Amino acid sequence: MEMSTGLDTNKSKTTHKAAAAAEPVTFAGTIGLYAPASQAARKSTAVLFVSPWGFEEMCTRKFFRILAEELAEAGVASLRFDYAGTGDALEVTDHSRGLAVWLETAEQAAAQLKSLSGCDSIILVSQSLGSTIAVDLAQRLGGVEGIALMAPAISGRLYLRELSVWSKMIDDGMGVAESQRETQGVWIAGLRMSDEIAAEVRKINLMELSKLDAKNCLVLTRPNRSADEDFAAHVKDLLPATRDAVYRGYDELVFNPTIATMPLETGNHIVEWVKSISGSQMGTSTRRQRPTVAPLTTAEFTETPLRFGKAGELYGILCKPTAPRRGATAIILTTAYDRNAGWGRTSVKMARALAHDGIPSLRFDNANVADSPPTPGAPEQVLYFKGQNDEITAALDLLESSKLLPAVLVGRCSGGYLAFQGSLWDERSSGLIAANPYVFHWSGKLTVDASLRHVPRSLETYRLKLLQFETLKRLLRGEIDVPRAIKNFMTSLVRRAIRLSRPVLDFLPVRSEERTAILDLFQSLKARKVDVSLIYTAHDTGLEQFNDHFGKDGSYLKRYGNVRLNIIPEADHNLTQAHAQSFYLQEVRSISLKIGTRQATPHEDRSRAVRSPKYANLPTS
């Protein structure tokens, strides 16, 4: 049964007022997000989130934001943060101290939380590798009110082995060839764990804990993991005031951030546990420090975390070069539900590399993605939703008020689609770079969830898969949905037939709604002289869609002199490989510098999106 506090990711459907994003704060070369407690019920206890690492951190980003929002309503302040050298934090050049680097970041985050909230005590909410950090942090802090260990990494050796398997599953899902996989060191989803930290992780054995420095504990065990159950029993022996429960929804949460399901039942359990051990209500006169947002600064850039939009509902990071500005500002859009740091921190790396060349950038989370709360009235599924165009306008408004126009839109996959739609929606976009956009036009005839889960691959990809022995083994083990695979294969065959017939079909007087919308979109961008760069990896399914409308290798693009097509060989959909990231960066740099000297076209009303009446009814979701 759902508890009374009930986590509700659909709040936007029933509320009329947009909620502001958490308040950014900077310290120790990193960024934290502080969620202040409701003034009406402010408790003397606050929560510090101690996150997992790598791909799992990206998957839990939105879940932790939802938990923070629910705790704030219950009167409990909280702080989320990035470990040194991860997420949006500054890089770490010396990893020789291993996990101590991250532990020190967590310790300073705890000090920040106490200062910001005025709280007397702290509760640590941790997951996976973060649980090891939390256990050590509790010992350093002393007097910790409680510690939640969610799916803790009990054995470091087992954790690293699972991470290796997990990494291979992700690579296989993206079609990464064995020869392209990173095999040296610990890697997952484009993220590398330093050798020094990996060496310390390998030594972890939480079953050897002899004490737990906390008054209360909550252990959430993964379903059907006997080792987790044994650990919960061990913690109960150490600390009688320990509760345990099954982490329901764990596998669905960490499988893929694009199609992750928020574990609401588990979230309710955590919130209720925190409330049950939180201190008394705090007096209104308790002194608290206001969050400080001093930019993170290096010799080449300054990065300022900020909130923008009508209610400060959008969270992002503005990166400005310390050298004189030379190019148009790049608005780096998120892909699916990845946080704005990007897959494998690619957006962070791009922003800082651009700053090296004098190009500013803004990267941000769209509403209901990672750290930006949902927009009132918007659906829970925001991908390919036309309301995201308003968020592009909010970003351009921010740049205009900061005198950082002109601007270009940059995105991959669904972010590439949004770059196209945003450039059509708001004429202050002077250029766009789209990498592996799945579509240019979304008719709404298919559900986004179904499309994300069952994307037909290119015929070349199917051919390569059939030649792999691993595919045969998966087929024999019953791990492949054969009917769905056949359907997707037939869809690719039909596409190929339509493409081959395109010269004949183009002479017919009737076009499909999709083709009409796409050609109109490209024509509009051509009329406005918007510089467009399309980037595809050689076997990406988005390239199949592109070829349907523009011919093999873009032969029909010659009518659009403002568009250039680039194909990257031997790279996956997410551009994980170094050569793919380098090419992507070079295209963004080239377009930004090309239009950097242009002045933004004046508009009568710059505070609102500018949309041509011709496209007023063009379906975008």
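The values are calculated or read from the model by the stated rules, or taken from the named source; none is laboratory data. All figures in this text were calculated on a predicted structure; none of them were measured in a lab. Virtual Cβ from ideal backbone geometry, glycine too; neighbours counted across all protein chains shown.
The table for this structure:
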{"read-out": "Filtered residues of the range 56-98 (kept if outside any helix (DSSP H, G or I), among the small types (Gly, Ala, Ser) and closer than 19 Å to Ala110 by Cα)", "value": "Gly75, Ala77, Ser78, Ala84, Gly85, Gly87, Ala89"}
{"read-out": "Some residue of the range 322-336 being touching a Lys or Arg at 6+ places or on another chain (Cβ under 6 Å), in contact (Cβ under 8 Å) with a residue 24 or more places away in the chain and closer than 28 Å to Val448 by Cα", "value": "yes"}
{"read-out": "Long-range neighbours under 8 Å by Cβ, at least six apart or interchain, first residue within 14 Å of Thr335 (Cα to Cα) within the range 421-437, second in a helix (DSSP H, G or I) and of a type in the set (Val, Ile, Thr)", "value": "Ile433/Val588; Ile433/Ile591"}
{"read-out": "Elements of type helices (runs of 4 or more DSSP H) contained in the range 329-432, each with 3 or more residues being assigned by TED's automatic domain parsing to the domain that holds Leu525 and of a type in the set (Phe, Trp, Tyr)", "value": "414-425"}
{"read-out": "Tally, over the range 199-225, of residues that are assigned to a strand (DSSP E or B) and within 28 Å of the chain's Cα centre (by Cα)", "value": "4"}
{"read-out": "So Phe231, is it at pLDDT 95 or above, out of contact with any His (no Cβ under 6 Å at 6 or more places or on another chain), aromatic (Phe, Trp, Tyr) and not assigned by TED's automatic domain parsing to the domain that holds Glu91", "value": "no"}
{"read-out": "Subset tally (residues that are assigned to a strand (DSSP E or B) and either on the phi > 0 side of the Ramachandran plot or in the same structural domain as Glu229 (by TED's automatic domain parsing) (or both)) for the range 156-198", "value": "0"}
{"read-out": "Residues within the range 558-591 that are assigned to a helix (DSSP H, G or I), modelled with pLDDT under 95 and crowded, with 16+ Cβ neighbours inside 10 Å, tallied", "value": "0"}
{"read-out": "Any hit, the range 60-68, residues being at pLDDT 95 or above, within 24 Å of Thr292 (Cα to Cα) and more than 18 Å from the chain's Cα centre (by Cα)", "value": "no"}
{"read-out": "Residue among Ser12, Ser51, Ser44, Ser78 that is surrounded by 19 or more Cβ atoms within 10 Å (Cβ to Cβ), closer than 23 Å to Gly142 by Cα and at pLDDT below 95", "value": "Ser44"}
{"read-out": "Residue within the range 107-125 that is under 22 Å from Arg192 (Cα atoms), in a strand (DSSP E or B) and in contact with an Asp or Glu (Cβ under 9 Å, 6 or more places away or on another chain) present", "value": "no"}
{"read-out": "Leading residue by the ranking (farthest from Ile591 (Cα to Cα)) among those in the range 516-550 that are small (Gly, Ala, Ser) and surrounded by fewer than 17 Cβ atoms within 10 Å (Cβ to Cβ)", "value": "Ala538"}
